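Chemist: Sharing a structure below in structure tokens format, with a few things to ask.
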Amino acid sequence: MPNDGLRTVAEMIRPESRITVLTGAGVSAASGVPTFRGPDGLWRNRRPETLATAEAFARDPKTVWEWYNWRRQVLSTKQPNRAHQVLASWSRRFSGFTLVTQNVDGLHERAGTLNLIRFHGSIWEVLCWNRCANSPVRWWNDQIPLEALPPLCPHCGGMLRPGVVWFGESIDAGVIEKSVAALDCDIFFTIGTSALVYPAAALSIEAKRRGAYTVELNLEATPSSHAVDLAVHGPAEELLDELNALTNPS
């Protein structure tokens with residue numbers, strides 16, 4: 001039997017609805033993507049927090065790249081799940097759709113999602129550590145495995161770094177600007193995220209302040225569950241599949 005909360009949201013969704021979605025790691029859980037954080041995310045007895053920093057890279061770029069090279073190889077074996085597929089279909093179905101993802105795994109892209117904002121960058125992008133004048137700001141590199149660790153910039157011969165936002169780094173100003181613009185929406189979904197990492201966790205609060213109906217779809221309650229208009233708990237892929245069926249009954 002359809003969830004009453006999901007039915008309520010489904011009745012609000014119209015073809016002209018402006019829908020913004022924020023996704024986190026829970027969206028990729030059904031694809032078998034490891035968290036890479038917490039007790040089960042240890043790599044060679046190292047915590048990600050000790051590797052994903054500019055300081056760690058400056059001190060030992062080879063070890064940092066070994067970790068990212070391993071992550072890239074793991075992620076290359078994973079496929080988009082039903083949650084990614086539903087959101088990708090919505091990006092084509094609703095002209096006012098925007099997806100802001102905290103995930104760097106590339107699964108939203110592989111599902112074919114349009115109007116995607118990568119809040120924390122992508123593990124499949126690289127940029128010149130020296131930010132040399134001849135190189136783009138960042139570019140796509142999905143070579144697996146990488147031939148050299150660290151890989152070298154084809155423009156200056158210096159080191160490349162992963163195109164992700166490390167601990168202690170600021171979100172790109174352009175990304176913040178696009179994400180904030182997307183908060184002028186009718187419905188704002190927070191899906192599969194712990195609501196603990198800022199500034200992404202503040203997006204739902206601001207969307208609600210601007211008049212959006214806010215919905216949280218997450219496996220369990222989060223610190224933001226009490227603040228949204230509706231919180232529904234369960235696996236993201238199941239909830240999105242059910243909601244999609246309710247909005248598209250044919």
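Chemist: Might you check whether a residue that is touching a Lys or Arg at 6+ places or on another chain (Cβ under 8 Å), more than 18 Å from ILE123 (Cβ to Cβ) and surrounded by fewer than 17 Cβ atoms within 10 Å (Cβ to Cβ) occurs anywhere in segment 162-184?
Modeler: yes
Results for (1) within 18 Å of ILE171 (Cα to Cα); (2) polar (S, T, N, Q); (3) not assigned by TED's automatic domain parsing to the domain that holds THR193, shown as yes or no for each residue.
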| position | (1), (2), (3) |
| --- | --- |
| SER89 | no, yes, no |
| GLY96 | no, no, no |
| THR101 | yes, yes, no |
| GLU109 | no, no, no |
| LEU114 | no, no, no |
| ASN130 | no, yes, yes |
| VAL137 | yes, no, yes |
| LEU146 | no, no, yes |
| HIS155 | no, no, yes |
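Chemist: In this structure, is LEU99 at pLDDT 95 or above and either surrounded by 14 or more Cβ atoms within 10 Å (Cβ to Cβ) or within 15 Å of the chain's Cα centre (by Cα) (or both)?
Modeler: yes
Chemist: Could you list, in sequence order, the residues of segment 103-122 that are closer than 19 Å to ARG82 by Cα and part of a loop (DSSP other than H, G, I, E, B)?
Modeler: Matches in segment 103-122: ASN103, VAL104, ASP105, GLY106, GLY112, THR113, LEU114, ASN115.
Chemist: Moving on to the next point. Based on what the data block shows, is ALA227 at pLDDT below 95, over 21 Å from the mean Cα position of the chain (by Cα) and assigned to a loop (DSSP other than H, G, I, E, B)?
Modeler: yes
Chemist: Next question. Can you tell me which residue is farthest from LEU146 (Cα to Cα) among those in segment 54-96 that are of a type in the set (Ser, Thr, Tyr) and over 19 Å from the mean Cα position of the chain (by Cα)?
Modeler: SER95
Chemist: Given (1) closer than 21 Å to ALA212 by Cβ; (2) buried (at least 18 other Cβ atoms within 10 Å of the Cβ), where does ARG93 come up short, assuming only one miss?
Modeler: Looking at each condition in turn, ARG93 falls short on (2).
Chemist: Going through ALA212, ALA200, ALA195 one at a time, which residue ends up being out of contact with any Gly (no Cβ under 9 Å at 6 or more places or on another chain) and either surrounded by 15 or more Cβ atoms within 10 Å (Cβ to Cβ) or of a type in the set (S, T, N, Q) (or both)?
Modeler: After applying the criteria, what remains is ALA212.
Chemist: Something else about it: Go through segment 72-102 and report how many residues are assigned to a helix (DSSP H, G or I), closer than 21 Å to ALA236 by Cβ and not hydrophobic (A, V, I, L, M, F, W, C).
Modeler: 7
The values are calculated or read from the model by the stated rules, or taken from the named source; none is laboratory data. Every value quoted in this text rests on a predicted model; they were computed, and no experiment measured them. We place every Cβ from the backbone using ideal geometry, glycine too, and count neighbours over all the protein chains shown.
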